[in-house]
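In what follows, a structure is listed as structure tokens, so that the remarks can point back to it.
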Amino acid sequence: MAAERMVVIGGDAAGMSAASQARRMKGPEALEIVAFERGHFTSFSACGIPYWVSGDVTDRDDLIARTPQEHRERAIDLRTRTEVMEIDVAGQRVLARDLSDGSESWTGFDKLVIATGARPVRPALPAIDAPGVHGVQTLDDGQALLDTLAGTRGRHAVVVGAGYIGVEMAEALLKRGYEVTVVHQDEQPMATLDPDMGRLVHEAMDGMGITTVGGAPVTKVLTGEDGRVRAVATEDAEYPADVVVLGIGVVPETSLARAAGLPLGPHGGLLTDQSMRVRGHENIWAGGDCVEVLDLVSGTTRHLALGTHANKHGQIIGANAGGGYATFPGVVGTAVSKVCDLEIARTGLREKDARRAGLQFVTATIESTNTAGYYPGAALMTVKMLAERRTGRLLGVQIVGREGSGKRVDIAAVALTAGMTVERMTTLDLGYAPPFSPVWDPVLVAARKATTAVRAAGM
Ligand SMILES: Cc1cc2nc3c(=O)[nH]c(=O)nc-3n(C[C@H](O)[C@H](O)[C@H](O)COP(=O)(O)OP(=O)(O)OC[C@H]3O[C@@H](n4cnc5c(N)ncnc54)[C@H](O)[C@@H]3O)c2cc1C
């Protein structure tokens with residue numbers, strides 16, 4: 001019997017995890033795997049780009065988990081610099097263009113995996129493509145930025161956007177010796193937090209010497225006589241810039257899927273069932289940044305472009321496409337990042353998410369220390385907790401603090417997944433020793449305060 005053919009579109013986290021897992025499940029005699037990637041690289045960590053740009057990671061290749069050649073050695077027919085131009089769902093084939101010579105050809109599939117990732121938002125502003133303006137989505141982007149930094153005599157950097165990529169890039173440029181200004185349109189940086197917690201990030205960034213300008217959408221990029229960027233303008237001001245980094249967010253890259261008539265959700269991502277099969281299509285799977293995921297707390301679908309999900313999706317797709325069985329139940333929305341020594345984390349719902357979901361809730365915010373208060377180096381951390389009114393169900397947690405603060409959010413992620421109440425959380429058996437936490441861990445202190453607030457709110 002001839003081998004079935006699985007075609008994968010996209011050669012990074014979701015696509016190559018799917019291909020690798022399917023290969024573990026089935027040998028080449030049973031399953032041929034053809035993967036198309038329009039870039040040069042496969043299985044790379046975009047998450048590491050800020051630390052490569054900062055100089056903390058010195059070798060680009062350390063960010064590559066598996067090269068195209070290593071995939072080929074595992075019997076995956078990997079075609080780099082090859083872009084899929086069209087999906088013919090009824091004909092079970094894809095049209096691919098070899099970007100080196102422009103030639104095009106159709107490849108048939110029995111199984112298709114769509115893992116096309118996300119596209120960075122790049123507003124149509126004057127001179128947005130001027131030399132010196134950079135995105136940081138791919139390793140090529142990272143290299144281009146490093147080349148600009150190496151060739152730039154000036155010392156002013158502007159980061160547009162203050163999400164986690166924006167603040168991580170602000171740190172990277174600060175470490176490179178730039179005067180950094182972060183210009184963003186929200187009230188506070190890190191709009192994935194509530195504004196009261198974002199304010200703490202703002203204040204900490206001020207203390208690090210990073211200027212943040214909020215409520216200020218960029219209106220244009222200004223260039224000098226040499227055509228290079230020289231400043232970024234908002235409605236009210238101009239900010240000098242020898243280099244600009246864009247971190248304004250991403251949208252699902254689903255243009256091929258849309259043209260093929262595949263189902264998309266309200267955020268533009270592909271809709272799948274729990275086995276990551278595209279809804280209504282037995283032999284097509286999708287995962288990673290191009291899909292919408294079920295938010296287990298609000299019950300709605302969201303677009304959450306995170307590598308942690310992309311890798312899991314890929315593995316689940318590979319298991320299913322390889323003849324096994326695996327499911328992805330959904331997410332609680334956990335994310336952690338940092339700017340210099342400030343750690344920032346969140347899981348579950350913010351106040352506005354909870355309101356949008358029609359939930360009534362109480363909040364509790366506490367300040368504590370990351371270690372026992374008397375332990376050398378003890379530093380402040382703030383925990384904000386949301387709990388549902390009446391039931392006391394945990395709805396969300398946000399944490400801002402110094403070393404050891406951020407990953408504490410994982411306690412809350414587990415509690416959310418388990419559907420715990422904040423009262424139940426107060427008795428969690430967490431580890432304690434003075435170098436790691438106060439005797440009452442800050443998450444437990446927040447849970448105690450939230451429990452009191454739930455009781456006070458009554459029925
Ligand atoms: C600077 C930065 C920092 C990040 N930090 C974190 C972090 O700390 N934690 C975290 O969880 N996540 C982080 N992420 C997000 C994470 O990198 C992504 O969620 C993850 O890479 C998504 O994997 P993916 O396979 O779905 O998509 P992608 O990594 O975008 O891969 C999709 C691939 O498909 C290819 N492709 C698209 N269309 C076609 C086509 N038509 N034909 C052929 N190939 C195509 C693209 O070239 C691309 O290589 C970060 C991202 C960036 C940019």
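Would you mind telling me which numbered condition in (1) under 25 Å from E225 (Cβ atoms); (2) within 16 Å of the ligand (Cβ to nearest atom); (3) not charged (D, E, K, R) L95 fails? Result: L95 fails condition (1) only. Looking at the structure I just gave you, is G15 small (G, A, S), buried (at least 24 other Cβ atoms within 10 Å of the Cβ), near the ligand (Cβ under 6 Å from one of its atoms) and outside any loop (DSSP other than H, G, I, E, B)? For G15, the condition - small (G, A, S), buried (at least 24 other Cβ atoms within 10 Å of the Cβ), near the ligand (Cβ under 6 Å from one of its atoms) and outside any loop (DSSP other than H, G, I, E, B) - is met.
For segment 101-128: of the residues being in a loop (DSSP other than H, G, I, E, B) and within 29 Å of D59 (Cβ to Cβ), which is farthest from the chain's Cα centre (by Cα)? Top of the filtered list is R122. When you check V167 against the structure, is it hydrophobic (A, V, I, L, M, F, W, C) and either under 30 Å from S275 (Cβ atoms) or not in a helix (DSSP H, G or I) (or both), yes or no? Judged against the criteria, V167 is not a match. Considering segment 27-100, the qualifying strands (runs of 3 or more DSSP E), each wholly inside and each with 2 or more residues that are touching a residue at least 60 places away in the same chain (Cβ under 8 Å), run over 31-36, 82-88, 93-98.
Each residue in segment 23-69 was checked for being more than 23 Å from E171 (Cβ to Cβ), within 16 Å of the ligand (Cβ to nearest atom) and of a type in the set (D, E), and 1 of them qualify. Considering segment 372-398, the residues that are of a type in the set (V, I, T) and surrounded by fewer than 21 Cβ atoms within 10 Å (Cβ to Cβ) include one that is farthest from R355 (Cα to Cα), namely T382. Against the conditions (1) more than 15 Å from the ligand (Cβ to nearest atom); (2) free of Cβ contacts under 8 Å to residues at least 40 places away in the same chain; (3) not acidic (D, E), K111 satisfies every one except (2). The set of residues from segment 129-147 being away from the ligand (no atom under 16 Å from the Cβ) and either within 24 Å of T219 (Cβ to Cβ) or in contact (Cβ under 8 Å) with a residue 60 or more places away in the chain (or both) comprises D129, A130, P131, G132. Within the set A172, A162, the sole residue that is within 16 Å of the ligand (Cβ to nearest atom), closer than 21 Å to Q143 by Cβ and of a type in the set (A, V, I, L, M) turns out to be A172. Of all residue pairs spaced 6 or more apart or on separate chains, those with beta-carbon atoms under 6 Å, a first member in segment 404-431 that is touching a residue at least 24 places away in the same chain (Cβ under 8 Å) and a second member that is outside any helix (DSSP H, G or I) and of a type in the set (K, R) are T421/R393. For segment 235-267, the candidate set comprises residues that are aliphatic (A, V, I, L, M) and away from the ligand (no atom under 16 Å from the Cβ); within that set, the residue that is nearest to E171 (Cα to Cα) is A241. The test for being within 13 Å of the chain's Cα centre (by Cα) and surrounded by fewer than 21 Cβ atoms within 10 Å (Cβ to Cβ) does not hold for T301.
Restricting attention to segment 143-164 and to residues that are polar (S, T, N, Q) and outside any loop (DSSP other than H, G, I, E, B), the residue that is nearest to R356 (Cα to Cα) turns out to be Q143. Tell me, which residue of segment 349-370 that is surrounded by fewer than 15 Cβ atoms within 10 Å (Cβ to Cβ) and not in a strand (DSSP E or B) is farthest from the ligand (Cβ to nearest atom)? Step by step, filter segment 349-370, then rank; the result is Q360. Any residue at all in segment 348-356 that is farther than 30 Å from R5 by Cβ, among the hydrophobic types (A, V, I, L, M, F, W, C) and modelled with pLDDT of 95 or more? So far as segment 348-356 goes, yes, one or more of its residues are farther than 30 Å from R5 by Cβ, among the hydrophobic types (A, V, I, L, M, F, W, C) and modelled with pLDDT of 95 or more. Kindly establish whether G280 is crowded, with 24+ Cβ neighbours inside 10 Å, of a type outside the set (A, V, I, L, M, F, W, C) and modelled with pLDDT of 95 or more. So G280 does not fit the description; no.
Against the numbered list (1) of a type in the set (D, E); (2) free of Cβ contacts under 8 Å to residues at least 60 places away in the same chain; (3) buried (at least 17 other Cβ atoms within 10 Å of the Cβ), E253 comes up short only at (2).
The values are calculated or read from the model by the stated rules, or taken from the named source; none is laboratory data. The shown structure was predicted, so the numbers you read here are calculated from the model rather than taken from an experiment. Backbone-built Cβ (ideal geometry, glycine too); neighbour counts: all protein chains shown.
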